[in-house]
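Before any comments, here is the structure.
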Amino acid sequence: MASTLEKFIHSLDLRALPRVLQIQSGIYCQGSVYEMFGNECCLSTGDVIKVIDFKINKLIASICENNEVSQFSAKVEIPLNFPGFYKVVADKTPYVSIEEIARKVSIGPTRFGHPCFYSPEDIKLANFIIKYGEQITFNSVEEVNGTMAVSCVVVRNNQSHSFTLPFSQEGEFYECEDDQIYTLKEIAEWKIPKGRNRIVKPSKTLHMWDSSNPLPENFDGCLILMPVYEVQAVMKYRKDILHILSDLDVEVKDITDCYDIGSFLQPLSLEDVFERTSKEFPMVAEIIEGPSGSQKPYNLLSTGKEIVIYKKYQAARVLASEMRSDSSKRHFLIPKSYKGKFKRRPREFPTAYDLEIARSEKEQLHVVATKAFTSPHKELFSVSVGDQFLVQQRQTSEVLYEGRKKLIDVLACEQILSESYKKVLLPMYMEGGFVEVIHDKKQYHLSEICKEFHLPFNVKVSVRDLYIEEDVLAAVPGLQFEEEITDSYLLISSANSPVESWEIPVHRLNVLVHLHSKDVQAVVPPVTKTTVEEISEEQYYMVRRYENQNLHPPPRPPKKPT
C-alpha cells in the first residue's frame, strides 16, 4: 500500500531499518534531478531505494498565542540549534499498550530516555500492584524469557520498586507532567514520539529578541512542533548516500519483504565497524561519505579513498579545556603519547574543602587568600585578603556554639608571617577564595602529570610536540587538565600507501564505509601516530556525561553549623 514519504517515515521505527522502498508517484513521477546537501540524483517512478537511517533535520512549529490550536495558526521553520529552553506539555492522547509506547517513545540510557506514564486504573502484576495515577518510569527495553518488555520503576514511600511490563500489556497510559527544561535539540532527539507532534512552552530565552527571530516578540504561548526528517538512503547502482527530506512530495511503497536487500551496497558507520568481532580485523574499506579536511588523518577519509582498518580498541585521553573566563572555551582530547612539555600554572580554590582535596604527599600546597572570611568561632582563624598559608591536613576541632561544645571538621594550616609561621585552623565549610603559589619550575610530560598529580591541573605548553605538524596546544595560553577518559578508536592507514597508521575516534566522526573482500597485504600496522583532537562544546559535554555515568558524585563540602 502506497503512502507519502512523510507519513511512512513518521510511522517507522528505527529498529525496523533498513527498509526497501519503491517510488510510486509524485512530482518526480516522470523522473527529475533532485539535489540535496550536494548529492544529485534522479528519482523516477519504479526506482528502488534502501533507507538506512533517518534523523530530525528541522522543526516546523505552529504558533499558538493563547495555548489554543486553530487552522489559522502561523507556521514557522525552526532550526534545531535555536537558542532557549522549553518545557514539554504532556500529551493528552493516551497510548493503548506498552508496545505502542516502546515503538513510538524514545527509551534509552541517558536521563532524557526515561519517560514517565501513569494509568487511570490499577495494574495487577504477579508480585506487585501499580496503583492508578502512580508515576511509572520507563528505563529500558529488554528481552525477558523470550518476551519483549520494558524495565520500569515506581517510587512509593521513598522506596523504589522495579518490575517489567510486557509489550502485550494493554490499557490506557498517559504521559506524566514533566517539570524539566530542555533545548530544542534535546526535545527533537528524545521527546517527540513517532507519529505524533509535540507541544512545548518557552521557559527561558537566551538572547534578546530581534527581527531574525521566527517567534513573535515577548512570545508566551505554545509551539506545536512537527519534525522534518533527513532520510539517508542508497540506490542500487550508486555508492554515495542520498540525503532526502521527509517532506519531499513523493509516494513510496515498502517492498522489503519481497526484495533481495543484499543486492544493495551495505554502508557501515564507524560504530557498526567497531561492533565487528576482533577476528574480522584487519579489513579493507572504501569511504562512501567522510569529513572534509586536508589535515591528517582526515585526508585519508575523503569520499572514494580506500583504507585498511587494522583493529579496534579503547585508548586513554586527557580531557583539557582552555583557561579563560568567558564561555567560548576550546576543548581538547590529548593522547598520553603527546611529546610536548608543560609548565604548571596556579590553580584556584573556592573553599577550604577544595584545598583539602588538592593537597598531596608529594609537595606542600602554598596558597594566597583572595577573599576575606570572618570566622563565627573564636577558636578558628579569620582570613584577610593576601594572607598566605601552607596547607597541612584535615582534622576535627572543638568549638563553642550557643554555649555548648561541638566538634566540626577543620583544615590545619600554617600562616606564613614575615619571619615565622603560625598554626591556624580554617573551618572546612569556609567559602573564601585561594590561589596557588607555584615554586615548581620543572617541565613535565603529560604522562608524568597524570602519574604524579591529582586532576584538575593547570598548565601551559612550554615545549610544543615537534612530531605534530601543527600543535594546536602551543598557541593556547593556559590549559586545565580536567580528567582522564577512555574512548573507542579504530587504527587505520591508507590502503595504497600504508606508511603510517592513525587512531580515529569512533563516536565523533560521521563516516560511512563499504567493506571490501580484498585481502590485507600487511597485517602488522605501520608506525602509529596520534593527534590532539579539538572537540566542540556539545561533544565536550557528551564525553563528560558518558565518562561520568558510572561514577559516584564527589562528597559535598560540609555545611556551616546552624
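Taking first residues from the stretch 391-409 that are in contact (Cβ under 8 Å) with a residue 60 or more places away in the chain and partners that are of a type in the set (Phe, Trp, Tyr), the Cβ contacts under 9 Å between residues at least 6 apart in sequence or on separate chains come to Ile408/Tyr401; Ile408/Tyr429; Asp409/Tyr353; Asp409/Tyr429. Condition first: open to solvent by less than 50 Å² (accessible area, probe 1.4 Å) and without any contact (Cβ under 8 Å) to a residue 40 or more places away in the chain. Can you find one or more residues in the stretch 488-496 that meet it? No, every residue in the stretch 488-496 fails to be open to solvent by less than 50 Å² (accessible area, probe 1.4 Å) and without any contact (Cβ under 8 Å) to a residue 40 or more places away in the chain.
Screening Ile63 with (1) surrounded by 14 or more Cβ atoms within 10 Å (Cβ to Cβ); (2) closer than 23 Å to Asp13 by Cα gives one miss only, at (2).
Residues in the stretch 106-123 that are in contact with a strand residue (DSSP E or B) (Cβ under 8 Å, 6 or more places away or on another chain) and either without any contact (Cβ under 8 Å) to a residue 60 or more places away in the chain or open to solvent by 20 Å² or more (accessible area, probe 1.4 Å) (or both): Ile107, Pro109, His114, Cys116, Phe117, Tyr118, Ser119, Pro120, Glu121, Asp122, Ile123. Return the total of residues in the stretch 261-271 being under 15 Å from Lys50 (Cβ atoms) and assigned to a helix (DSSP H, G or I). Result for the stretch 261-271: 3.
Listed by first and then second residue, the pairs linking a residue in the stretch 280-303 that is touching a residue at least 24 places away in the same chain (Cβ under 8 Å) and under 17 Å from Thr531 (Cβ atoms) to a residue that is open to solvent by 40 Å² or more (accessible area, probe 1.4 Å) and among the β-branched types (Val, Ile, Thr), with Cβ atoms under 8 Å apart and 6 or more places separating them unless they lie on different chains, are Gly290/Thr303. Pull up the stretch 399-425, narrow it to residues that are under 20 Å from Ala358 (Cβ atoms) and among the β-branched types (Val, Ile, Thr), then point me to the one that is most open to solvent (accessible area, probe 1.4 Å). So, considering only residues that are under 20 Å from Ala358 (Cβ atoms) and among the β-branched types (Val, Ile, Thr), the one most open to solvent (accessible area, probe 1.4 Å) is Ile416.
From Thr486, Thr530, which residue is at pLDDT below 85 and among the hydroxyl-bearing types (Ser, Thr, Tyr)?
Answer to the selection: Thr530.
A Cβ distance below 8 Å, combined with a sequence gap of six or more or placement on separate chains, defines the contacts here; from the stretch 231-257, residues that are within 26 Å of Thr303 (Cβ to Cβ) and open to solvent by 60 Å² or more (accessible area, probe 1.4 Å) reach residues that are in a loop (DSSP other than H, G, I, E, B) and of a type in the set (Phe, Trp, Tyr) in the pairs Lys236/Phe264. Test Glu175 against the criterion of being open to solvent by 80 Å² or more (accessible area, probe 1.4 Å), farther than 19 Å from Val76 by Cβ and at pLDDT 90 or above, and give yes or no. When the stated conditions are applied, Glu175 does not pass them.
Taking every residue in the stretch 144-164 that is among the aliphatic types (A, V, I, L, M) and pairing it with any residue that is exposed (fewer than 10 other Cβ atoms within 10 Å of the Cβ), at least 6 positions away or on another chain, the pairs with Cβ-Cβ distances below 8 Å are Ala149/Glu143; Val153/Ser160; Val154/Ser160. Scanning the stretch 495-508 for residues that are touching a helix residue (DSSP H, G or I) at 6+ places or on another chain (Cβ under 9 Å) and modelled with pLDDT under 90 returns His507, Arg508. Taking residues in the stretch 446-467 that are on the phi > 0 side of the Ramachandran plot and modelled with pLDDT of 95 or more, and partners anywhere that are crowded, with 17+ Cβ neighbours inside 10 Å and assigned to a loop (DSSP other than H, G, I, E, B), not one pair has Cβ atoms closer than 8 Å while being at least 6 places apart or on different chains. Restricting attention to the stretch 259-279, the residues that are β-branched (Val, Ile, Thr), without any contact (Cβ under 8 Å) to a residue 12 or more places away in the chain and within 19 Å of Lys239 (Cα to Cα) total 0. The requirement of being more than 24 Å from Trp190 (Cβ to Cβ) and touching a Pro at 6+ places or on another chain (Cβ under 9 Å) is satisfied by Thr147.
The values are calculated or read from the model by the stated rules, or taken from the named source; none is laboratory data. No experiment lies behind these values; they were computed from the predicted model shown. Ideal geometry is used to build each Cβ from the backbone, glycine not excepted, and the neighbour counts take in all protein chains shown. All accessible areas refer to the heavy atoms of the entire protein, side chains included, with ligands and DNA or RNA removed. Shrake-Rupley method; radii C 1.70, N 1.55, O 1.52, S 1.80 Å.
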